[in-house]
Structure formats: C-alpha cells, structure tokens
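Below you'll find the structure, written out as structure tokens, and then a few comments.
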Amino acid sequence: MLTIAWLIGWIIEVVFPSTMPWHWHYARLAVMLVFWIWAWQRTKRRIFPLIFTSFILSVETLFLVNDPGVIPYGSWLFNAVLVLVAWLTSKSDWGIAAALIGSWLLNQALVRFTYEGIVRHADFPDPFVWNFSVGLFTVWAGLRQGYRLYTKREVQKRVTELPLMNGVGAYEPSEERELQ
C-alpha cells in the first residue's frame, strides 16, 4: 500500500511539477498520509497526543523563524523532545506513529504560511524530517521485533527447563513424605 502511495505521489510530482519556491515532494507526502491514516485507525488515543506533538512542532517552527541558529543542533533537539512527548502521551506504538506523522503533516501547512515571504525555497516535507522519521520508525520496528523474538525464546527456554513429573494426579501429603 505504501508503494502504491509512493507511485501515485511520484506520478503527480512528474505530471504537475512545482514552479513555485515551495518544492512539494508529493511521493513523500503521499506515503506519510497513508501511513498516518493507517496508524490513526489502529490507535485509541488520537487527539491528545496529536495536539501536544503539534504544539512542539509549532514552537520549533516559530522559534526557527524568529531566532534561526541560536540553539546548536536545534532540529535534533526538537525532534528528540517531539518523540519523547509522543511516547509519553500515547499508549501504543501506533499512537506514537499517528501523533508524529500527523503533527509533521500539520506542521507542513504551518511552515508553508509562516515562511511566506521569508525564504525563497523550501522542501515539503523537509528532508531532515523525512529521513528522521524513516530512520526512527525503522529502528523502532527493528528493536521491537528483536525484543519480541528475545522474549519468545526466553519463554520457550523456561518451558523446556521445567521438570516433568511422572504421573498426573492431585497432590497428596504421602507424596511429600516420599520425596523427603
């Protein structure tokens, strides 16, 4: 499904090239939109995490417009805070994904109108946001799969180490005397 979204976005990008100073990556936006809808349908807490993560991104956008470059590694810092806020306000992995991707999509509209007349060229979505989100979700999914595999192996190992008793029956005090 993500591949189809990418292809549709790429076709739109080729058919309708952007002549404005805003360079829209329709393929990336289509993938983000499909993934956000997918995550949105699978989560229970939707609005609360989206509001908080959107607030963090709007603070970052307004801070970068007013005082660019004051905080070293500002994009990394704000994205780390964003992931932490999404993690703390969501109750599931799908909730984290829905909050992050949804806030990034909302932030694209805010950036478009905030930067009007300030910059001559902007990419939507920002390449840092795109690479950060793809890397984050890839690492997150890999660690989650590794944790599941590890716990599955540990449970299997403990089950095989359990002593087997000869004969099945109710516990009787006479058996306890025989064991001593």
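The values are calculated or read from the model by the stated rules, or taken from the named source; none is laboratory data. These numbers were taken from a predicted model, which means no experiment stands behind them. Virtual Cβ from ideal backbone geometry, glycine too; neighbours counted across all protein chains shown. These accessible areas exclude ligands, DNA and RNA; they are computed on the full protein's heavy atoms, side chains included. Shrake-Rupley method; radii C 1.70, N 1.55, O 1.52, S 1.80 Å.
Which residue is nearest to F78 (Cα to Cα), if the candidates are limited to the stretch 39-58 and must be open to solvent by 60 Å² or more (accessible area, probe 1.4 Å) and in contact (Cβ under 8 Å) with a residue 40 or more places away in the chain? Going through the qualifying residues, I end up with F52. Checked against (1) open to solvent by 30 Å² or more (accessible area, probe 1.4 Å); (2) among the hydroxyl-bearing types (S, T, Y); (3) under 17 Å from F132 (Cβ atoms), S92 passes all but a single condition, namely (3). Does at least one position in the stretch 68-77 carry a residue that is assigned to a helix (DSSP H, G or I), farther than 17 Å from N131 by Cβ and either open to solvent by 60 Å² or more (accessible area, probe 1.4 Å) or small (G, A, S) (or both)? No. Take the stretch 125-158 and flag every residue that is open to solvent by less than 90 Å² (accessible area, probe 1.4 Å), outside any loop (DSSP other than H, G, I, E, B) and in contact (Cβ under 8 Å) with a residue 24 or more places away in the chain. Listed by number, the residues that qualify are F128, V129, W130, F132, S133, L136, F137, W140.
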